[in-house]
1. For residue 36, state whether it is closer than 23 Å to residue 81 by Cβ and within 23 Å of the chain's Cα centre (by Cα).
2. Being at pLDDT 85 or above, touching a strand residue (DSSP E or B) at 6+ places or on another chain (Cβ under 8 Å), hydrophobic (A, V, I, L, M, F, W, C) and within 25 Å of residue 78 (Cβ to Cβ) narrows it down to one of 55, 26, so name that one.
3. Inspect all residues belonging to the stretch 27-37 and state whether any of them is without any contact (Cβ under 8 Å) to a residue 60 or more places away in the chain and in contact with a helix residue (DSSP H, G or I) (Cβ under 8 Å, 6 or more places away or on another chain).
4. Under 7 Å by Cβ, and 6 or more places apart or on different chains, what pairs join a residue from the stretch 57-72 that is in contact (Cβ under 8 Å) with a residue 24 or more places away in the chain and farther than 15 Å from residue 13 by Cβ with one that is surrounded by 10 or more Cβ atoms within 10 Å (Cβ to Cβ) and polar (S, T, N, Q)?
5. Within the stretch 67-80, is even one residue under 18 Å from residue 2 (Cα atoms), assigned to a loop (DSSP other than H, G, I, E, B) and either among the β-branched types (Val, Ile, Thr) or out of contact with any strand residue (DSSP E or B) (no Cβ under 9 Å at 6 or more places or on another chain) (or both)?
6. Kindly provide the set of residues from the stretch 58-67 that are surrounded by 13 or more Cβ atoms within 10 Å (Cβ to Cβ) and within 13 Å of residue 18 (Cα to Cα), ordered by number.
7. If you take the residues of the stretch 1-37 that are in a strand (DSSP E or B) and among the aromatic types (Phe, Trp, Tyr), which of them is farthest from residue 66 (Cα to Cα)?
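The values are calculated or read from the model by the stated rules, or taken from the named source; none is laboratory data. This one's a predicted model, so the numbers in the text were calculated from it and none came from an experiment. All Cβ positions, even for glycine, are placed from backbone atoms using ideal geometry, and neighbour counts span all protein chains on display.
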Amino acid sequence: MWITNGGFADVYVVFAKIDGEKFSCFIVERGTPGFSAGAEEKKMGIKGSSTTPIFFENSPVPKEKSPHEPGRGHVVAFNTLNAAASAWAPIASVAPKRSWKPPRNIPKSAPPSENASAISA
């Protein structure tokens with residue numbers, strides 16, 4: 001239905017069901033007869049990537065455009081997620097440590113407030 005970077009990509013990795021039941025992955029190149037990308041989606045957030053709808057109109061995709069046999073698209077999808085997670089994990093664990101700085105110039109024990117008894121009453 002939509003694809004990331006669809007507005008300017010030359011190669012698309014598409015996940016779809018074949019015959020309504022076999023979740024599959026296939027690769028489509030820009031310019032494939034019957035394939036087109038639509039207008040840019042107007043999003044509320046994550047505006048750094050181009051997101052467009054894609055359309056297939058009488059556009060058969062040859063079997064050699066699929067990295068796996070029909071019905072094995074989940075293998076590509078999960079391997080992509082695993083690769084992305086392993087690439088981002090070190091960044092996600094180090095960034096918070098580097099961004100947090102301990103407070104400076106805080107006395108170890110603050111002197112008692114003169115109005116402490118008035119506040120607690």
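1. Values: closer than 23 Å to residue 81 by Cβ: no; within 23 Å of the chain's Cα centre (by Cα): yes.
Here the answer is no, as residue 36 does not meet what is asked.
2. On the way: 55 fails: within 25 Å of residue 78 (Cβ to Cβ).
One residue alone meets the criteria, 26.
3. Residues of the stretch 27-37 without any contact (Cβ under 8 Å) to a residue 60 or more places away in the chain: 27-37.
Retained after the next criterion (residues that are in contact with a helix residue (DSSP H, G or I) (Cβ under 8 Å, 6 or more places away or on another chain)): 27-28.
Taking every residue of the stretch 27-37 in turn, at least one turns out to be without any contact (Cβ under 8 Å) to a residue 60 or more places away in the chain and in contact with a helix residue (DSSP H, G or I) (Cβ under 8 Å, 6 or more places away or on another chain).
4. Matching pairs, first to second residue: 59/32; 70/24; 71/24.
5. Scanning the stretch 67-80 turns up no residue that is under 18 Å from residue 2 (Cα atoms), assigned to a loop (DSSP other than H, G, I, E, B) and either among the β-branched types (Val, Ile, Thr) or out of contact with any strand residue (DSSP E or B) (no Cβ under 9 Å at 6 or more places or on another chain) (or both).
6. Narrowing the stretch 58-67 to residues surrounded by 13 or more Cβ atoms within 10 Å (Cβ to Cβ): 61, 65-67.
Result: 61, 66.
7. Of all residues in the stretch 1-37, those in a strand (DSSP E or B) come to 2-4, 11-18, 22-29, 35-37.
This time we only want the ones that are among the aromatic types (Phe, Trp, Tyr), so: 2, 12, 15, 23, 26, 35.
Numbers: 2: 19, 12: 12, 15: 10, 23: 12, 26: 4, 35: 16 Å.
In this case the residue turns out to be 2.
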